Amino acid sequence: MDLDRICEHVLAYVEFYLKSNTAQQRRQFENALQDIPEFMDCLRMSGDVDYISFTCSPNYNALKQMCDSLSDNPRLGINRIVIRPVLERTKWYLGYPLEKLKWID
């Protein structure tokens, strides 16, 4: 579906930095994101950022409000959120390159 042709929207990657990296803290954060459909994908990362999520929102203000709501919840232990709006999508994901993967017997 080509959202650009049918509706106004904002795509963004959102980086989450947690105050603590305990299993309990991660579960609380992960469970909270499960209930928000605008956060379509969420990956736990190595390095400085703890999680990165791909989002689609009706506009930037709606995305900012969702992030503020998460950040304001002390149970989630979010230290910092960075919103990175997508300026242009230069390549669409069309599936895994199955022929390039090593299969496990």
Unmet criterion (only one of (1) closer than 16 Å to Tyr13 by Cα; (2) in contact (Cβ under 8 Å) with a residue 40 or more places away in the chain) for Val49: (2)
Residue within the stretch 73-82 that is surrounded by 10 or more Cβ atoms within 10 Å (Cβ to Cβ), within 16 Å of Ala12 (Cβ to Cβ) and more than 14 Å from the chain's Cα centre (by Cα) present: no
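Yes/no per residue for (1) of a type in the set (Val, Ile, Thr); (2) modelled with pLDDT under 95; (3) in contact with a Phe, Trp or Tyr (Cβ under 6 Å, 6 or more places away or on another chain):
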| residue | (1), (2), (3) |
| --- | --- |
| Lys64 | no, no, no |
| Leu76 | no, no, yes |
| Arg80 | no, no, yes |
| Pro85 | no, yes, no |
Whichever residue in the stretch 4-56 is touching a Gly at 6+ places or on another chain (Cβ under 8 Å) and not in a loop (DSSP other than H, G, I, E, B) and, among such residues, is nearest to Arg84 (Cα to Cα): Leu18
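The values are calculated or read from the model by the stated rules, or taken from the named source; none is laboratory data. Computed from a predicted model, the values in this text were never measured in an experiment. Please note: Cβ atoms are built from the backbone with ideal geometry, for glycine as well, and neighbour counts cover all protein chains shown.
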